[in-house]
Amino acid sequence: VTESGSVVTDFFCTDAAGTTTGILRDATDPRKVTFYLCADKTILGLQFYVISLGVTNPATALNTTTIEIEINAPARSENGEEVFPVFAVEKRAMTSPQTALLGVKNGAKPFQVVIVEWSTKTLSQSSPFVSVSNTLTLRISGSITLATSDTISSKITLTGLTGVTSEAYPILTVTSLSGAEWVSAGLLFCGDSSTTTNQGEWSNNAIVLPVCASTTLRAGTTYQVTFAVTNPSTQQDAPGISIEASGTTAFARVAVIAPGTNIAGVEQGANALNVIVPGFNMHLIGQASFFAGARNLIS
């Protein structure tokens, strides 16, 4: 509790007698809490009070709810004389801020709760053939912002990129979806602190995308990141590839979504790192006639 900017201790109690510091949660309605003024404490007129409560948000998404407040103060007497009369403020809805928080619309309103997740998390490839250069395309959109500040560094990590090779600091092409068009997203990922182009960091079948200093990936914006790898020299099925993020917000590791479409006649060839050896499924040859001097058709 602060009173005009100054912290006030032992201000609220759990009982009407004002002897036990704390707040009282209603036993029949856990959504209701009661603040009793502790003994010898007074809420002064024309003073600004801030009451801060620590709570644990639910594990599921929740739209903000209406929060109401009411005040009941019994008459108070001293030496047989009424000092304060009965005072009451009828129940009324409190005013909540309409501002965004971490990119979430109305995120500053109490009990506006969202799940931290990727609403978009697809990964595709340009070529399903062994030993060739292959462009991987990642599309992501987060439910909240991910940023790097002066004190917290954020990064996105793709794991499970087995079989392929890449440069230590692969060059990235980063765009964002604006209307129906993909436009440059500027410098977002700095694999090398001195880079002036988007770069990732390649290590142990994974690529890390470090968010550049003072940079934010906006909530609800779809970003597209492309980078080149070299496919393995042997055939393989698409491996299990996962995405996660850490920093200002933690996105739990989840599997990326594969497009499931064909490329160059290869079934599900667009699925990242689904690689085949080009070849013939059938190679037969025959003839129509074996007679000497006869016209023959080779098929």
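Tabulated values for the structure
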| read-out | value |
| --- | --- |
| Where Trp118, Trp202 fall by accessible area, highest first, once all protein chains stay in place (1.4 Å) | Trp202, Trp118 |
| Protection proxy ranking, peptides 102-109, 137-144, average beta carbon neighbours within 10 Å, highest first | 137-144, 102-109 |
| Estimated translational D of the range 99-183 in µm²/s (Stokes, Kirkwood radius over Cα pairs; 20 °C; 1.002 mPa s) | 132 |
| Residues whose placed amide H lies under 5 Å from that of Phe251, excluding near-sequence neighbours | Ala245, Ser246 |
| Overall Cα dimensions of the range 7-73 - principal axes, largest extent first, Å | 41, 28, 22 |
| Range of Cα positions in the chain per principal axis (Å), largest first | 137, 45, 34 |
| Viscosity 1.002 mPa s, 20 °C: Kirkwood-radius Stokes-Einstein D of the range 29-153 over Cα pairs, µm²/s | 105 |
| Formal net charge of residues neighbouring Ser178 (Cβ-Cβ distance under 15 Å; K, R +1; D, E -1) | +1 |
| Order by protection proxy (mean Cβ within 10 Å, highest first), peptides 91-99, 150-158, 218-226, 232-240 | 218-226, 150-158, 232-240, 91-99 |
| The range 17-33 - phi-based ³J(HN,Hα) in whole Hz, Karplus 6.51/-1.76/1.60, Gly and Pro as x | 6, x, 10, 10, 5, x, 10, 9, 8, 5, 5, 9, 9, x, 7, 10, 10 |
| By average C-beta atoms within 10 angstrom, highest first, the peptides 244-256, 21-33 | 244-256, 21-33 |
| Whole-Å semi-axes of the range 220-293's equivalent ellipsoid (Cα gyration tensor) | 46, 12, 10 |
| Convex hull projection area averaged over all views, the range 182-233, Cα basis, nm² | 4.9 |
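The values are calculated or read from the model by the stated rules, or taken from the named source; none is laboratory data. Only a predicted model underlies this, so the values are computations on that prediction, with no experimental measurement involved. Here the Cβ is made from the backbone with ideal geometry for all residues, glycine too, and neighbour counts use every protein chain on show. Only protein heavy atoms, including side chains, enter the accessible area calculation; ligands, DNA and RNA are left aside. Shrake-Rupley method; radii C 1.70, N 1.55, O 1.52, S 1.80 Å.
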